[in-house]
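Let me begin by presenting the structure, written as structure tokens, before commenting on it.
No value in this document is a laboratory result; all are computed from the given coordinates. As the structure is a computational prediction, the values presented were derived from the model and not from experiment. Positions of Cβ are generated from backbone atoms using ideal geometry, with glycine treated the same way; all protein chains shown enter the neighbour counts.
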């Protein structure tokens, strides 16, 4: 049973993989793109197939009972439902995607993508868009030509905007029209954020920081990979199951924090980048100035404004 | 299942049924009930409607299915109630009642979009089945309109309708279905004409035309009551020339020879294969075409008295027409009749004569005694006896009333001396009995009398309520002579049943009856063109193209081509871009302002930007500086600052332009 379902799923998945490959709109193309009739596909939905069976039953019944009024009714219903196919198709036909732009987004979070369509005076209330398996409604009213959808992200850096699948089942849910657009466009995805490491202290010289006994002891917290080993409170840790580290009060405001690549030795590369990004975010949220020192000793900052924030995150995202 | 779809927009979880489609689904279900109400018991319909209302109120307060116990109980109660009423769950009426009940049960558990779609499909099917009971034009149109709420429900199940609890979503929900039904009507008609009809039904569908109780072969007092109050059309007759005068519009159906004390039946005499006596025709024959609606009997009706049988029919010894096949579908036939005639005037066959004098023993001694007294008074004068009998009905306190009281065992005596109230069959029955008791051969004739002459379309419309019974007596030298004893009755009580008895000249037709009669021409057209369109008509479809008989295969090919063309044409229509490009409302408004200002002498220069232009205007028209400054700010912001100016602000700007009237300063 389970295996059968898996079998079917895998078949469906295979078809899902195959169909796009056969369909148009899979090659990246520059916007604007108009969905002309060659690239809008349409099939009946499950409900549509159900209604087809129903209409066939009604037809046979009316014919068998030689009841012309019933036959006429069946023909009317059938013609109306069949022509709803054209309305479904019309939802997508002539849709023009003018441009796309993406917000800044962090890896693993969904990235908002703003779409601008050409306003052809036609409402498309049932339009959906999917950038992965999740269909998102993006209704267009007449005169409104913008909508937003979110894309999945799984790696930092420049990501091609995934293929967009536009679809609609309007007006009756009996047919489903869809079309693909693969925009020739990239968005920058900021690194994944890790917030579990305590940011280093404010001192310029890392060596000085480690001996910064002058800082006021603030408390204990759990050890995270990357914490300076000399901050471990060994005695306190002995009484617990896990390591504890001493926390010190933050430096007085006004002095720039310093986030250095080399502070995070012993971690793998992506974790380092994520940790740095997390510190940058925290500092930006707290409105504290910071300096970012990258692997190649490139130093950014100090600064605390949005431009500096984006500069830092972009630099981190673009690291090889 | 992966969440691969997020349908149905704004309400609750994706597949949950929103209030609007649910309300529309309830309305659709009520429509289905209404379509089937004419043949379901009133209490049954009322209970189902009440359940729908209760369910609607329940779901308005709180979502959720009705408890499973209640649903199961209903699921059992519906067939149980139907069996209790009809005695069987099988057959047309019980079947319709059961499916209506099941649809209501489905409504009780409809909580998801999927349920609602299934319920709508089911409802469409049940709507269609309502047409098995009545194929009339009006009813077909009503059922067709009932598709609208069904389509509106389907539309409301999809996203994109204005949400909220108000009425804002109703119009758009109904619009799609209405437009689609209207636009696809030509395609539907094409399909209707071209879908090959079955020559023979696939499964038992005999005798399933409209469920009408037409005329029956047995006539007992009171039997015809339901017929006389039935306004259904029985037949339509088109005459070659002028129609016969009203007094001669007697349409002979069957002749009843045999009386058992209670009821008149045709008896053996009517079935004997004797050739009918030739009709002595005097004056010209009347030729006419009859369209007889299905009666599921063999009797055919013809103007008194037909001279020859039409095709596929026999003429009995009493000049009645007998179809070889039961009339399960409307039939057309052509007959010639003599309105001035002599029937068997030379001699009456002794065996027929004996039958026409037969009376059951031990019944109605009073009537026999009366007839014998008349005979002894009149001697051999048969006419005097007939006059006596008619005088009795005219002056003896007899009343014509459709609400006749029931009669006891000696029905003739009871009627003649006691109740004295009845309608045509009472009078025909009593009169014929009296004649036989007096020794005059007599028989009862049942048929239609009167009718409505549609002068516009030139045909005579006969309804079931025109049913009538009269007598024929055989007189030496004159043969069978028609006597209508009902016509002798002087007092008529109008029944309030809304029906009409043909035999009193339409005394109690309701106020809309004349309109119904006039509009019957549409029904005639409907019956002939649509309902009557059968395999035979279809075979002749391509005659104009030189194909004498179209086979099912040809029709199928034509249908396929038609579907293909219709789809192509539809796709062409659908792909048309809106004709008018979305107008730049801002630019138009600005132009309007410039025209207005130009009229008072401030013309925008070709190279002048809007900011400079406005500035110049403000300087030139200090009286209007305030509004102009506001307009300038708005325009510049709407035009240049906002990528996507909100429509409300554009509208406000247009309004401001409209209301701006430059005040000229007299220099």
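A few remarks follow.
- Share of pairwise Cα separations in the range B:19-183, more than 22 Å, in percent: 42 percent
- Model label sites at residue B:75 and residue A:38, defined 7 Å from Cα along the beta-carbon direction, differ in position by 5.4 nm.
- Per-pair calculated FRET efficiency, R0 = 25 Å: residue B:247 and residue B:274 via Cβ, rounded to 0.05: 0.25
- DSSP beta bridge pairing in chain B, given as percent antiparallel to the nearest 5: 90 percent
- Subtracting the Cα-Cα distance of residue B:543 and residue B:340 from their residue separation scaled by 0.36 nm leaves 68.9 nm.
- Ranked by the mean number of other Cβ atoms within 10 Å per residue, highest first, peptides A:256-262, A:276-282 order as A:276-282, A:256-262.
- The order of B:474, B:526, going from fewest to most other C-beta atoms within 10 Å of their C-beta, is B:526, B:474.
- FRET efficiency for the pair residue A:27 and residue B:598, taken as 1/(1 + (r/R0)^6) with r the Cβ-Cβ distance and R0 = 56 Å, rounds to 0.60.
- Eigen-decomposition of the gyration tensor built on the alpha-carbon atoms of the range B:585-659 gives equivalent ellipsoid semi-axes of 20, 13, 12 angstrom, largest listed first.
- Scattering profile of chain B at q = 0.07 Å⁻¹ [log10 I(q)/I(0), Debye over alpha-carbon scatterers]: -0.69
- Taking each DSSP H run with n ≥ 4 as -39500 (n - 2.57) and averaging over every residue of chain B yields -13500 deg cm²/dmol at 222 nm.
- Straightening the chain between residue B:49 and residue B:171 buys 41.5 nm, computed as 0.36 nm per residue apart minus the Cα-Cα spacing.
- The range A:159-180 versus the range B:356-432: alpha-carbon centroid distance in Å: 84 Å
- Gap separating the Cα centres of the range B:580-628 and the range B:99-139, nearest whole Å: 62 Å
- Evaluating kT/(6 pi eta Rh) at 4 °C and 1.567 mPa s, with the Kirkwood radius of the range B:528-606 over Cα pairs in the Stokes-Einstein relation, gives 70 µm² s⁻¹.
- From the alpha carbon centroid of the range B:170-198 to that of the range B:211-290 is 43 Å.
- In this label model, residue B:185 and residue B:118 are separated by 3.5 nm, measuring between points 7 Å along each Cα→Cβ vector.
- Rg and Dmax [Cα atoms of the protein assembly as shown; Å; Rg one decimal, Dmax integer]: 44.5, 154
- The label-point distance for residue A:255 and residue B:456, in a model that sets each label 7 Å from Cα toward Cβ, rounds to 10.3 nm.
- Kirkwood hydrodynamic radius of the range A:18-189, from the reciprocal of the average inverse Cα-Cα distance over all distinct pairs: 17.7 Å.
- The stretch between residue B:661 and residue B:563 holds 29.4 nm of extra length on full extension. This uses 0.36 nm per residue minus the Cα-Cα distance.
- A:270, B:644 arranged by Cβ crowding within 10 Å, fewest neighbours leading: B:644, A:270
- Counting Cβ atoms of other protein chains within 10 Å of each Cβ in A:161-174 and taking the mean gives 4.
- Contact order for chain B, expressed relative to its length and based on alpha carbon pairs under 8 Å spaced 6+ residues apart, stands at 11 percent.
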